[in-house]
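This report refers to the structure that appears directly beneath it.
The values are calculated or read from the model by the stated rules, or taken from the named source; none is laboratory data. Quantities reported herein were computed from a predicted structural model and do not represent experimental measurements. Positions of Cβ are generated from backbone atoms using ideal geometry, with glycine treated the same way; all protein chains shown enter the neighbour counts. All accessible areas refer to the heavy atoms of the entire protein, side chains included, with ligands and DNA or RNA removed. Shrake-Rupley method; radii C 1.70, N 1.55, O 1.52, S 1.80 Å.
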Amino acid sequence: MPHGEALYLDICQRFLPAIDALESTGAASREQSVVGMRGKMESNPSWSTVSVEDQQEIERGLTAAGNGSC
């Protein structure tokens, strides 16, 4: 698993197309998508095994994807 800036970019690039698709179909707003995805990640039991630094980069990448650009 990448770390730091590489992790941020990986997460952003991975989730950006999904968030775009949900928005374009009207299934969910960008904000709803980010909130839902973040909630799923944080409720996963493995989330607590991820370092605080990596958690921050994951959340940063997800937020950037929600904003529409990496």
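Mind checking which pairs have a first residue in the range 1-16 that is within 15 Å of Gly66 (Cβ to Cβ) and a second that is open to solvent by 100 Å² or more (accessible area, probe 1.4 Å) and at pLDDT below 95, Cβ under 6 Å, 6 or more apart or different chains?
As it stands, the answer is none, since no pair meets every condition given.
Looking only at residues that are under 11 Å from the mean Cα position of the chain (by Cα) and without any contact (Cβ under 8 Å) to a residue 24 or more places away in the chain in the range 43-70, which one is least open to solvent (accessible area, probe 1.4 Å)?
Among residues in the range 43-70 that are under 11 Å from the mean Cα position of the chain (by Cα) and without any contact (Cβ under 8 Å) to a residue 24 or more places away in the chain, the one least open to solvent (accessible area, probe 1.4 Å) is Gln55.
If I ask for residues that are on the phi < 0 side of the Ramachandran plot, exposed (fewer than 15 other Cβ atoms within 10 Å of the Cβ) and not in a helix (DSSP H, G or I), which ones from the range 19-42 would you list?
Listed by number, the residues that qualify are Ala27, Ser29.
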